[in-house]
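To start, the structure itself, in C-alpha cells.
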Amino acid sequence: MHRLKSNLVWVALMLWVGIAQVYWQLGPHIASYSNASLHTSAYEVLKGLTLLGSDILILLLGYFLSQRSHRESTIIKAWLNALVLGVLASVLVALSTNQLAKVTVFHIDFFNATFPLLRNTYPLIFGSLLGLILTAVINDQKFIWRRPALIGIWLLIIIPLFWTPNIWGWTSNHLTLFYALLFVLGANVKQGSYHRKWLLITGLGLLITVILQGIMPFMSIDGRTTSRFTTPTNIFTVLAAYGIVKITVNHLEQPNWRSLYSYLTLIENTALLASVQLIVKLHNAYGSLKAGIITIIFLLFSLACSYVWCRLSTGNFAKQHLQRIDRFTGQSADEQLQLIKQRLNSWMPNIILGIISYLIAALSMLLMNDGFSVSPNVDATYNIFAYTFGQRELLLLFTAFLIFAVIKFIQALTNRYWIGLISVIAISAVFVVANHEKNVARNEPILPADLAMVRVAKNLFGMVDGIVWIVALVTLMILIAVTVWLEKTHPLRNAVGGVTQRLLFVLLAPCLFATAFLWNHQNTPFNNLMTSIDDQPMFYNQLSGARINGPLLQFMNNIDVTVMVKPAGYSQQAMDKIVHKYHLDAQQINRQRTNSFSKQTIIFNLSESFANPQRVPGVQLKNNPVPYITKLSKQNTGGLMISSGYGGGTANMEYMALTGFALTNFSPTLPTPYTQLVANLKNNPSIAQQFKSAIAIHPYNGAFYNRTEVYRKFGIDRFLYLGSKYPIRHQKKIDRSPYLSDQTSYQNVLDQLMNYHGGRFINLVTMQNHFPYNQHYYNEISKYQATKVSAGTDKSSVNDFATGIHHTDEAMKQFITAIDKIERPITVVFYGDHLPGIYGNEMTKDGLKLHETDYFIYSNRYAREHGARNFKQKTAYVAPNDFIAMAAKQTNSKVDWYQALLTRVYEQLPVITEDVQASGNVNAYNSNSRFITQKGKILKENQLTKKQKALLHDYRLVQYDVTAGKHYVVKTMK
C-alpha cells in the first residue's frame, strides 16, 4: 500500500511538472494579460505555483539518485535513453505531418535531440545528470570544502533576487546549470523531525512568493518585469520546494528511473511540443480550458509512452547492451580507455566509410554550382559553402546515409570491403561528371527519364568531351588496380560483418531507395519526412533543384511520378467511341462556322503575374492601374481566369492553355508537366500543331521549365529568348527593373507579324512583372498607389506591382493600336498566369479571389470584318484550358473532334480547377478538383449533374490516353 501511494505521488508530481513544461508554451489566452490588474496577478500566481513542481522534482531526484551506486552507469544510460527516445520522437513527428514547418524547423528539433547537452535542451534531465557529477565531487569524503560549497550554492540562488534580468542568465531556456545546483542541494537533504520548522519555512516561502508575484504587475513600470518572480529560480520558490521535500521525503520510495527519464524526454522534446502547438493552432484552442485539456491529454499520452518504452528497454536486446554499460563502468579508468580504443579500431573502417560518404554528398552538391555562390531564390544569394554546410546539413546527412547504404550493400554482396568503397566512389564520380556535362549542354541534371530512354546513352556520351573519356578510362584502370591490390594486402573481412549484418545491409539500401516512390505523395509519412528535412524538388527548375538538394536527391525526387490515375472504362474501344462522338459534335458546331483556324493568326499572351490588386479583399488603390485592359475586357470577350497557382506556376497555366488539358486531372506526383511529362512523350498535341508556322517568344532565359525542349515537342518551330539564335530585339527596361519590358515583348511580336503573311500561332510569355516586388524597381506613379492593404500585406510591394502592371496597360494599348492596322485576321488571347505572392490574406477565406486573374480575347479590325465575333456567354469565369475552344469560337473557326470536346467542356462544365481554398502555392495538390460556376460558387465533383459527370469522364479519358495511356487518339489530333 505504501508503494502504491508513493507511485501515485510520483505520477502526480510528473503531471505537475508536465503542466509547467507544456501548458505555458501553448500561449493560452489567460497568458495574454500584461497590464496591471488582478487578472494578471492571478495569472502570475497560478503560473508560479505550477513552476514550483520542477524544483520539487529536481530536489527529489538529487536526494534519491545520489544514493544509487554505479553513478557512471546511471549517467550513460540516462543520456542514451534521452538520445534514442528524443531522436525517435523527432523523426516520428516529422513522419506524421509536414505542417510543422509553420511552427518549428525539423533540423533544430533533430539536433536538439541528438546533442541535448551541447544545445542546452532537456534541462531537467541533463541538469540532474550534471548535478549527479557535482554531487560525486562535493560529497566525496576527501573533499574538505563541502559545507562552503553548499553555502555557495545557496548564495548563487539568492543573488539573482536583486537583479533583473537574472544576473546568471538563468531563463526558461537556460536552466541546466540551475537544476544541477538544485540537484546538489537535494542530494544533501537530511532526514529529520523538524517538521514544524520546515512547515513554517515552506509556508513563508509560498506566502512571500505569492505576494511578490501578485504585486509585480502593479510595480512594473513598462510591463517587462511583471514576471520577475514567476520563475523556478526565485529563491522563495526554491525555499518552498526545499521545505516540501524535507517534509515528504520520508514518505516516498525510489521512482522507476527509466520511466521517469523517458517521460521527461517526451515532455521536453521540442518536436513533440511543436506538434502540440500545431494541434492548438489547427483547432484554435487558445482558450485556457481547451489548452489545458490538450495539455493533460498530451501528458497522459507521454506517461503511457514512457511506460511502454520502459518495458521495451527491459527486453533481452536492450538488457544485453545495458549490462555491457554496467560492465564497462565497473572497470578501472585504464581498462575503460583500452576498451574504447579497441572499439574505435573495430569501428574505424565504417567510420571512414561514413566520412567518405559525407564528402561525396558535399562535393556532389558543391560541384553542381559553377561559382562560389548559389541563389536558392531570387531575393538572396549565398556563399555555396555557407549555404551547403550551414543550411542543408540534414540533406547532406541523409544523402551521405544513402551513399553509405550503397557501399555497405555492395560490400555485403561481394564480401569485399574495398570493392564496395571504391566502386561507389567511381560511380559517384561518373554521376557527378555526367550531371556537370548535361548541365553545360542542356541546363539540366541527370533525371530518371534519361535512364529510361533507349537513346539516352548515345545522347549522354555525345555530350562528353573526348578528353574526359580518356581521363575516365585511365582513372578506371587505376581504380581497378588499386582495388585488387588493397583486397590482396588489406582485405578487411571483419569490417564487412557477419551473415546477419550482411543480410541487413543487403535489404537496407533497396528499402531506402524504394521510399523515393512515395516522396511526392502528399501527406504520406515519407513525403512529410522529406519536407521536414527541407527537400525542395524544384520541378519547375531541375538545375536549381540539383544545386540546392544535390544531384542524387533531385534524381530521386523525380522517381515518384505517376502521370494520371487511369479513369474507369479506359480501352481502345472506349476511345474510338469518344472520337466518333465528338466528331459528330464537331460537324454540328461547324455548320455555324465559316473560318479555318489554321488561316488565323492566334496570339496567346501569358502576362507574368498580371492581376488587378483592386479585387483582393482588403486592398484599395487610389485608381485602377489598368484602365485600358479593364475596358478591353468589358467591351470584348473577357472576364476572370481561375489560375491553378498563387505566387507561381507560370508554366502550368501555359501548359493548360496550349494543350487544353486541366492540371487538376493529373496525379499529385506531377506538379509540373513541362519538366516531368512533355519531354518523355513522343507526341504532345497542342494548338501550335494546327498552324503551318508557330513561334514562341520569352524575353528571358529559355531554359526555365525546360521550354526549349517543350516548345519543340509542341510543334513550335522558332523560340525567341535571351541567348537564342533568334534574338530578342528592341530590348528596353523600365527604371531599375532587371527584366525586359512588356513593350519589348510586343515589339518582337509585331516583328513576327510583319515578316509572315499566312496563318500563324504565337505564344508570348512576358517577364516584366515577375517578382520580387520589394526592390523598388519603379518610380512609383502616385496615381495608382495603395490607400489600404490587407493584414500581412506589404504596401510598398503592392505599389511597385501596381506600377508595373500600369506599364503593361500602356504597352497593351500601343500593341492593340498596331495590330488593328494590320490587314490580316489577328486574335489575341491575353491572360495573367497567377497573382503575385505578396498578399497576406488567408487562403481558406479569400482563396477564390487569390486565384482570379484578368483575361480578354481581342480580334483586330480585319478579323472582325471577316467573321470574328465577341461573345459574353460563360465568360465571367474561365480556365486556361478553355482558351483553345474560346479562340476557335471567337474567330468563328471550324473545329476538329478534340476541339469540339474542349468546346463542350467549356460550354457545359463549370470552370475546372484546383482546390483554390487549400493550395496556397504552386500546384500543391492535383486530383483535388473544384468547379467554379459563372456566379463564383465553388462546387465539388459530386455536385455536378449526371450529364456533366459523363462529359468530365470523357475529357479525362482523352487526357489520360494522350499523356499516360496507350495513345489511341493521338494520331487523330493532328
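The values are calculated or read from the model by the stated rules, or taken from the named source; none is laboratory data. Bear in mind the structure is a predicted one, so any value in this text is a computation, not a measurement. Glycine also receives a Cβ, built like all others from the backbone with ideal geometry; neighbour counts cover every protein chain displayed.
Those residues that are of a type in the set (S, T, N, Q) and over 20 Å from Ser96 (Cβ atoms), I need them from the stretch 499-534; list them, please.
Answer for the stretch 499-534, where residues must be of a type in the set (S, T, N, Q) and over 20 Å from Ser96 (Cβ atoms): Thr500, Gln501.
Can you tell me which of (1) closer than 23 Å to Val561 by Cβ; (2) assigned to a loop (DSSP other than H, G, I, E, B); (3) at pLDDT below 85 is the one Ala449 doesn't meet?
(2)
Please name all residue pairs, on different chains or six or more residues apart, with Cβ atoms under 7 Å, provided the first residue is in the stretch 230-243 and is farther than 16 Å from His174 by Cβ and the second residue is polar (S, T, N, Q) and crowded, with 23+ Cβ neighbours inside 10 Å.
Thr230/Gln213; Phe236/Thr209; Thr237/Thr209; Ala240/Thr209
Please go through the stretch 765-787 and give me each residue that is β-branched (Val, Ile, Thr) and touching an Asp or Glu at 6+ places or on another chain (Cβ under 9 Å), ordered by number.
Of everything in the stretch 765-787, those that are β-branched (Val, Ile, Thr) and touching an Asp or Glu at 6+ places or on another chain (Cβ under 9 Å) turn out to be Val765, Thr766.
What number of residues in the stretch 154-165 are touching a residue at least 12 places away in the same chain (Cβ under 8 Å) and closer than 15 Å to Thr237 by Cα?
Qualifying residue count for the region: 6.
Condition test on Ala818, is it under 30 Å from Gln600 (Cα atoms) and either crowded, with 16+ Cβ neighbours inside 10 Å or modelled with pLDDT under 95 (or both)?
Spelling it out, Ala818 is indeed under 30 Å from Gln600 (Cα atoms) and either crowded, with 16+ Cβ neighbours inside 10 Å or modelled with pLDDT under 95 (or both).
Would you check which residues across the stretch 501-536 are among the small types (Gly, Ala, Ser) and modelled with pLDDT under 85 and list them?
Ser532
Would you check if Arg147 is over 19 Å from Tyr263 (Cα atoms), assigned to a helix (DSSP H, G or I), without any contact (Cβ under 8 Å) to a residue 40 or more places away in the chain and charged (D, E, K, R)?
Taking the combined requirement at face value, the residue satisfies it.
Listed here are the residues, each with its yes/no results for (1) in contact with a Lys or Arg (Cβ under 9 Å, 6 or more places away or on another chain); (2) surrounded by fewer than 20 Cβ atoms within 10 Å (Cβ to Cβ); (3) on the phi > 0 side of the Ramachandran plot; (4) among the β-branched types (Val, Ile, Thr).
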| position | (1), (2), (3), (4) |
| --- | --- |
| Ile781 | no, yes, no, yes |
| Thr787 | yes, yes, no, yes |
| Gly792 | no, yes, yes, no |
| Ser796 | no, yes, no, no |
| Gly804 | no, no, no, no |
| Asp809 | no, no, no, no |
| Val829 | no, no, no, yes |
| Pro836 | no, no, no, no |
| Gly847 | no, no, no, no |
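Could you grab me the full set of residues in the stretch 538-571 that are among the small types (Gly, Ala, Ser), in contact (Cβ under 8 Å) with a residue 60 or more places away in the chain and outside the structural domain of Leu359 (by TED's automatic domain parsing)?
Matches in the stretch 538-571: Ala568, Gly569.
Answer yes or no: is there a residue in the stretch 338-350 that is under 30 Å from Leu4 (Cβ atoms) and touching a residue at least 24 places away in the same chain (Cβ under 8 Å).
So far as the stretch 338-350 goes, no, none of its residues is under 30 Å from Leu4 (Cβ atoms) and touching a residue at least 24 places away in the same chain (Cβ under 8 Å).
Mind telling me which of the residues Ser306, Ser288 ends up being touching a Ser or Thr at 6+ places or on another chain (Cβ under 9 Å) and small (Gly, Ala, Ser)?
Among Ser306, Ser288, only Ser306 is touching a Ser or Thr at 6+ places or on another chain (Cβ under 9 Å) and small (Gly, Ala, Ser).
Can you tell me which of Thr524, Thr531 is buried (at least 20 other Cβ atoms within 10 Å of the Cβ) and assigned by TED's automatic domain parsing to the domain that holds Ile425?
Thr531
Does the stretch 594-608 contain at least one residue that is surrounded by fewer than 22 Cβ atoms within 10 Å (Cβ to Cβ), outside any helix (DSSP H, G or I) and not small (Gly, Ala, Ser)?
yes
Please state which one of Leu252, Leu264, Leu272 is at pLDDT 90 or above, crowded, with 16+ Cβ neighbours inside 10 Å and aliphatic (A, V, I, L, M).
Leu264
For the stretch 247-291: of the residues being part of a helix (DSSP H, G or I) and small (Gly, Ala, Ser), which is farthest from Tyr23 (Cα to Cα)?
Looking at the filtered set, the residue picked out is Ser259.
Would you point out which residue out of Ala36, Ala12 is at pLDDT 90 or above, surrounded by fewer than 22 Cβ atoms within 10 Å (Cβ to Cβ) and more than 28 Å from Arg119 (Cα to Cα)?
So the residue among Ala36, Ala12 that is at pLDDT 90 or above, surrounded by fewer than 22 Cβ atoms within 10 Å (Cβ to Cβ) and more than 28 Å from Arg119 (Cα to Cα) is Ala12.
Hey, Ala863 hits all of (1) buried (at least 21 other Cβ atoms within 10 Å of the Cβ); (2) at pLDDT below 95 but one; which does it fall short on?
With respect to (1) buried (at least 21 other Cβ atoms within 10 Å of the Cβ); (2) at pLDDT below 95, Ala863 is out only on (2).
Collect the residues in the stretch 114-136 that are surrounded by 13 or more Cβ atoms within 10 Å (Cβ to Cβ) and among the aliphatic types (A, V, I, L, M), keeping them in residue-number order.
Within the stretch 114-136, Leu117, Leu124, Ile125, Leu129, Leu130, Leu132, Ile133, Leu134, Ala136 meet the criteria.
Tell me, yes or no, whether the stretch 835-853 has at least one residue that is in contact with a Phe, Trp or Tyr (Cβ under 9 Å, 6 or more places away or on another chain), within 21 Å of Phe597 (Cα to Cα) and aromatic (Phe, Trp, Tyr).
No, there is no match, as no residue in the stretch 835-853 is in contact with a Phe, Trp or Tyr (Cβ under 9 Å, 6 or more places away or on another chain), within 21 Å of Phe597 (Cα to Cα) and aromatic (Phe, Trp, Tyr).
Here's the yes/no breakdown for (1) on the phi > 0 side of the Ramachandran plot; (2) of a type outside the set (Val, Ile, Thr); (3) at pLDDT below 95:
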residue: Ala888; (1), (2), (3): no, yes, no
residue: Thr891; (1), (2), (3): no, no, no
residue: Thr903; (1), (2), (3): no, no, no
residue: Gln917; (1), (2), (3): no, yes, yes
residue: Asn928; (1), (2), (3): no, yes, yes
residue: Phe931; (1), (2), (3): no, yes, no
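Results for (1) touching a Lys or Arg at 6+ places or on another chain (Cβ under 7 Å); (2) crowded, with 19+ Cβ neighbours inside 10 Å; (3) hydrophobic (A, V, I, L, M, F, W, C); (4) under 24 Å from Gln614 (Cα atoms), shown as yes or no for each residue.
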position: His730; (1), (2), (3), (4): no, no, no, no
position: Asp742; (1), (2), (3), (4): no, yes, no, yes
position: Val749; (1), (2), (3), (4): no, yes, yes, no
position: Gln752; (1), (2), (3), (4): no, yes, no, no
position: Ile762; (1), (2), (3), (4): no, yes, yes, no
position: Asn769; (1), (2), (3), (4): no, yes, no, yes
position: Tyr777; (1), (2), (3), (4): yes, yes, no, yes
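Report yes if Gly647 is surrounded by fewer than 24 Cβ atoms within 10 Å (Cβ to Cβ), touching a helix residue (DSSP H, G or I) at 6+ places or on another chain (Cβ under 8 Å) and on the phi > 0 side of the Ramachandran plot, otherwise no.
Judged against the criteria, Gly647 is not a match.
Given the options Tyr756, Tyr746, Tyr784, Tyr777, name the one that is touching a His at 6+ places or on another chain (Cβ under 8 Å) and over 29 Å from Lys937 (Cβ atoms).
Tyr784
Can you say whether Asp326 is part of a helix (DSSP H, G or I), acidic (Asp, Glu) and within 24 Å of Tyr263 (Cα to Cα), as far as the supplied structure shows?
Against the criterion (part of a helix (DSSP H, G or I), acidic (Asp, Glu) and within 24 Å of Tyr263 (Cα to Cα)), Asp326 qualifies.
Just wondering, is there one or more residues in the stretch 299-315 that are buried (at least 19 other Cβ atoms within 10 Å of the Cβ), in a helix (DSSP H, G or I) and at pLDDT below 85?
no
Select from the stretch 855-888 the residues that are under 16 Å from Ala657 (Cα atoms) and among the basic types (Lys, Arg) and list them in ascending order.
none
Which pairs do you get when a residue that is over 21 Å from Lys566 (Cα atoms), found in the stretch 645-670, comes within reach of a residue that is part of a helix (DSSP H, G or I) and of a type in the set (D, E, K, R), reach meaning Cβ atoms under 8 angstrom, with the pair 6+ apart or on two chains?
Cβ pairs passing all conditions: Ala651/Arg707.
Taking only pairs six or more apart or across chains, which ones have beta-carbon atoms under 6 Å, a first residue in the stretch 883-900 that is more than 23 Å from Met653 (Cβ to Cβ), and a second residue that is among the acidic types (Asp, Glu)?
Once the first residue is more than 23 Å from Met653 (Cβ to Cβ) and sits in the stretch 883-900, its partners that are among the acidic types (Asp, Glu) give Ala900/Asp585.
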